[in-house]
Every structure is written in C-alpha cells, then in structure tokens.
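Student: Here it is: the structure, laid out below.
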Amino acid sequence: MAFPRWTEEHGVFRESVRRFTEEEIRPHAEKWQAEGSFPNALFRRAGELGLLGIRFDPKWGGAGLDYWYTVILVEELVRGRDIGCVVGLLVQCEMATAVIHDHGSDALRNEWLAPAIRGERIAALGVSEPGGGSDVASLQTTARLDGDDYVIDGSKIFISNGARADFVTLAVRTGGPGVEGVSLVVCPTDAKGFQVSRRLQKVDLHSSDTAELFFDGVRIPRRNLIGEEGRGFRYIMGAFQGERLVLSVMMNALCDDVLAETLGYMTERKAFGRPIASMQAWRHRMADWITRLEASRALTYSAAEQLASGDREGDLTVSMSKLYGAELIRGLILDCAQAFGGYGFMEENYVARCSRGVQNWGIGAGTSEVMREIIAKHRMPAGPG
Ligand SMILES: Cc1cc2nc3c(=O)[nH]c(=O)nc-3n(C[C@H](O)[C@H](O)[C@H](O)COP(=O)(O)OP(=O)(O)OC[C@H]3O[C@@H](n4cnc5c(N)ncnc54)[C@H](O)[C@@H]3O)c2cc1C
C-alpha cells in the first residue's frame, strides 16, 4: 500500500518498540495474565526508552513526534500478546496525561506529566461513574472550593490503572449541571479520603487493573485544576480523538495477529485428508475478513493522517474507524476461533482467549452507539425528532 509513506525514521522507531515488546512483554504475557497484573517496573522501562511521551513536548521529556509514531507504538505493543498490559501502558501515555500536556499549567506538567513520561509516576483517567459513563456531561462527582483547596466527593468506576495509580486525571463537577459545570483536576492517590473501593474482575484483559474509586472529602490544592474551570468537558472530548485512534490501531493489530495465527493453523490442520485452508467455505470466509481488515486499516490510517495534520474531519473519521474496528474484531475473532475447532475453546489457545474479550472493544473511549451518534451528527445534521 502506498499510504502511509513510512520513512527510515519510522522504521528505526518500529524496530526499537518491537525489541521492547519481544524482550520485555511477550515472554511474560501468559504469566502476567494468570497472575492478574504486570510489574510497575514496566512503566519505568518504557519511560527510559522514550515510549511514554511520543507526541509530548521535549521540554517535559516527550519526543515531540506525531500520531504516526503512536500508530507504530500501538501496532508493535499488541504483538506482545498481553492486551491488558498494553492498555495499562497506553492509559499512561495517551489517555490520562494528554490533557495535562495540552491544557495544564507548567507547574502541573512539571509535577505530574514529566514523571509520568519517565514512567516514575503511574496515571489513571477517571471519567466514568457508577451512574453512567456515556453521558459525561451528567457526572456527579463534585469538587467544591474551600479556601485554596478543592474538596472532592463521589466515585468513579471501570478505571484502568486505578488500583496502582499515583494520580488520577479526574473529571469533576465544579459548577452547575451540564457541560459547563465539568472541570478536570489532578488528584494524587495518597490524598486523605481517597480509596480504591474494589478491584473489578473482568472477563478478559486480566493483567490490567480496573478499579472502582471512592472520594470522601479528598482535599487537593486549587492549583491542581487542569486549564480553566468549566472547560473539562471540552478537554475530555478533545482527548478522546487520540484515545479512539489508539483503540482503532489496537483492534486492527490484534485482528492481524489473530488472522496470521489462524491462517497458519488452517494450513497445517487437515480434515477429510486435506488442509482446512484448502476448503472453499473457509477460503471465502477468510478472504472476507482479510478484505475487511484492510478496509479497517485504511480508515484508521486516514484518521491518523487527519489527526496528524490537524484536519477537523479527523473527529468524524476516527469515530468511524473505532466503530468499524469494533464490529470487525467481534466477527473476525469468533470466526478465527471457530477455525480451530475444539482448540478454539481451550485456554491454552491465544485466539480462543482473545475471543473472550470481543465485546470490550465497543465500550471503552465511547461505545459503538456513541460513535454512531457522532457520525450521524456530522452527516445528518437535522438530528433525531
Ligand atoms: C475494560 C474497560 C476499561 C475502562 N477504562 C476506563 C478508564 O480508564 N476511565 C474511565 O473513565 N472509564 C473507563 N471505562 C469505562 C467506559 O468508558 C464506559 O464503560 C463507557 O463509556 C460506557 O459507559 P457505561 O458503562 O456507564 O454505559 P452507559 O453509558 O450506561 O450505556 C449503557 C448502554 O447504553 C448505550 N447508550 C448510552 N447512550 C446512548 C445513546 N445516546 N444512544 C444509544 N445508546 C446509548 C451505550 O452504548 C451502552 O450500550 C472502561 C471500561 C472498560 C470495559
């Protein structure tokens, strides 16, 4: 494919991430998933290699690169075959820190962003609440000004890195109802009144920790406000573009890996005296998935190109890309597992294990229904009656 035009620099970067993945993730992937965690030291190692601040300003320790390097980072990390671990790393460098980089004061960047880029402090993003995640404008967690402090009360749920984070980039209500009342603050997790109420048991991505967090009169300094009061909703929506791109790339890369594993098996495995890969029913089924995966990747790369060049259409394209990827991955992985027969239902089989988490992809960073709403809003301006 002519697009994107990968350069030699991209190639060098890809090689270094591949080495990190092959040496430091893949050999431990099964153990970490069985244990339900991966070591905090991995953040520091990724930080040392410059992988945790790719698009961030070198002033704070970032690499000052563009979205194409994020694409490469994600494509290579997925090859480590521990998606939970990849989620943990990407929350750190793409989801929880971008708003501090883009809108935070220099003091906040120095205190929280720079150590996160070095992997010395672990970050989480706290937006979703027990009462609802899609409708961000209705969030209930409050931050009330008291002298020079905010006092936070409320709870958050499904927070990745939540049990191990040193700080949470937290969405709170500082004003009245609706969009204008939402702000973002940095909440250190050693603050009095902060509690990890429970670590949630997921059906997949076992090595990532996903937690419910409780805030009971948590006092943080007013200077921990990110940007301006009342602009938090806009900041979150802006950061969602990067998150959705990351998830789209993850889905394509995972489909790629699963497909390669499956095609290899189908070539070896025989039934009725011939390889499964020679049977037309399977050849056509796989030809469809190969084609759809290529279409998905093209859409994702278009989104990356638009985001990298600051094109406003990027918002629409990345929503399409996330929606398309979530639909693709569900069908592709289940069909691939089917091609393994009984092995496709065994814990020892990577493809079978991946099939457990297929519905996850249509949830995080905006559900598929929310993606459809965004697409419809762009292309069907009249809105629902
Ligand atoms: C593994 C995992 C990790 C996560 N990590 C984080 C994290 O780090 N930080 C964080 O803040 N959140 C995180 N989340 C939460 C995630 O962002 C939310 O689950 C998601 O936004 C949906 O919110 P909800 O679960 O409250 O569903 P709801 O908002 O209650 O929605 C329920 C259903 O209704 C649908 N729906 C909602 N609104 C509409 C509409 N207008 N039209 C049609 N259908 C609609 C939804 O699509 C969904 O199917 C994570 C979730 C998972 C599963």
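The values are calculated or read from the model by the stated rules, or taken from the named source; none is laboratory data. Since this is a predicted model, take the numbers as computed values, not measurements. Please note: Cβ atoms are built from the backbone with ideal geometry, for glycine as well, and neighbour counts cover all protein chains shown.
Student: So GLY325 passes all but one of these: (1) more than 16 Å from LEU245 (Cβ to Cβ); (2) part of a helix (DSSP H, G or I); (3) not hydrophobic (A, V, I, L, M, F, W, C). Which condition number does it fail?
Tutor: So GLY325 meets the others, but not (1).
Student: Cβ-Cβ distance below 7 Å, separation of 6 or more or different chains: which pairs start in the stretch 1-21 with a residue that is exposed (fewer than 11 other Cβ atoms within 10 Å of the Cβ) and end on one that is modelled with pLDDT of 95 or more?
Tutor: PHE3/TYR301
Student: I've got another one for you. Out of all the residues in the stretch 356-373, which are more than 8 Å from the ligand (Cβ to nearest atom) and among the basic types (Lys, Arg)?
Tutor: Within the stretch 356-373, ARG356 is the sole residue that qualifies.
Student: Can you tell me which residue is farthest from TYR265 (Cα to Cα) among those in the stretch 344-368 that are assigned to a helix (DSSP H, G or I) and free of Cβ contacts under 8 Å to residues at least 12 places away in the same chain? Can you show your working first?
Tutor: Just the residues of the stretch 344-368 that are assigned to a helix (DSSP H, G or I), to begin with: 344-345, 350-355, 358-362, 368.
Next cut, free of Cβ contacts under 8 Å to residues at least 12 places away in the same chain only: 344-345.
Numbers: GLY344: 11, PHE345: 15 Å.
Once the filter is applied, the top-ranked residue is PHE345.
Student: Quick one: what pairs do we get from the stretch 216-243, first residue without any contact (Cβ under 8 Å) to a residue 60 or more places away in the chain, second in a strand (DSSP E or B), C-beta under 6 Å, 6+ apart or different chains?
Tutor: The qualifying pairs are GLU229/SER183.
Student: Sticking with this one: Between residues in the stretch 304-322 that are on the phi > 0 side of the Ramachandran plot and in the same structural domain as MET371 (by TED's automatic domain parsing) and residues that are at pLDDT 90 or above and assigned to a helix (DSSP H, G or I), which pairs lie under 7 Å by C-beta distance while being six or more apart or on different chains?
Tutor: The qualifying pairs do not exist here.
Student: Further question on the same structure: Identify, by number, the condition in (1) free of Cβ contacts under 8 Å to residues at least 12 places away in the same chain; (2) within 16 Å of the ligand (Cβ to nearest atom); (3) not in a helix (DSSP H, G or I) that ALA376 doesn't meet.
Tutor: (3) is the only condition that ALA376 fails.
Student: Here is a further query. Are there any pairs with C-beta distances below 9 angstrom linking a residue in the stretch 157-185 that is within 24 Å of HIS206 (Cβ to Cβ) to a residue that is within 11 Å of the ligand (Cβ to nearest atom) and aromatic (Phe, Trp, Tyr), with the two at least 6 apart or on different chains, and if so which?
Tutor: none
Student: Now a separate question. Please give the number of the condition VAL91 fails out of (1) within 16 Å of the chain's Cα centre (by Cα); (2) more than 10 Å from the ligand (Cβ to nearest atom); (3) modelled with pLDDT of 95 or more.
Tutor: Of the numbered conditions (1) within 16 Å of the chain's Cα centre (by Cα); (2) more than 10 Å from the ligand (Cβ to nearest atom); (3) modelled with pLDDT of 95 or more, the odd one out for VAL91 is (2).
Student: Out of all the residues in the stretch 69-79, is one or more surrounded by fewer than 24 Cβ atoms within 10 Å (Cβ to Cβ), hydroxyl-bearing (Ser, Thr, Tyr) and in contact with a helix residue (DSSP H, G or I) (Cβ under 7 Å, 6 or more places away or on another chain)?
Tutor: yes
Student: Also, I was wondering about something else. What are the residue pairs meeting all of these: first residue in the stretch 204-215, first residue assigned by TED's automatic domain parsing to the domain that holds LEU89 and in contact (Cβ under 8 Å) with a residue 60 or more places away in the chain, second residue near the ligand (Cβ under 10 Å from one of its atoms) and part of a loop (DSSP other than H, G, I, E, B), Cβ atoms under 9 Å, and 6 or more apart or on different chains?
Tutor: Once the first residue is assigned by TED's automatic domain parsing to the domain that holds LEU89 and in contact (Cβ under 8 Å) with a residue 60 or more places away in the chain and sits in the stretch 204-215, no partner that is near the ligand (Cβ under 10 Å from one of its atoms) and part of a loop (DSSP other than H, G, I, E, B) comes close enough.
Student: Mind checking which strands (runs of 3 or more DSSP E) fall wholly inside the stretch 114-161 and carry at least 3 residues that are near the ligand (Cβ under 7 Å from one of its atoms)? Break it down stepwise before answering.
Tutor: Working: elements: 123-126, 142-146, 149-160.
Filter on the stretch 114-161 gives 123-126, 149-160.
Student: To continue, here is another question. Confirm whether SER248 is without any contact (Cβ under 8 Å) to a residue 60 or more places away in the chain and either out of contact with any Pro (no Cβ under 7 Å at 6 or more places or on another chain) or outside the structural domain of LYS322 (by TED's automatic domain parsing) (or both).
Tutor: Details: without any contact (Cβ under 8 Å) to a residue 60 or more places away in the chain: no; either out of contact with any Pro (no Cβ under 7 Å at 6 or more places or on another chain) or outside the structural domain of LYS322 (by TED's automatic domain parsing) (or both): yes.
Answer is no for this residue.
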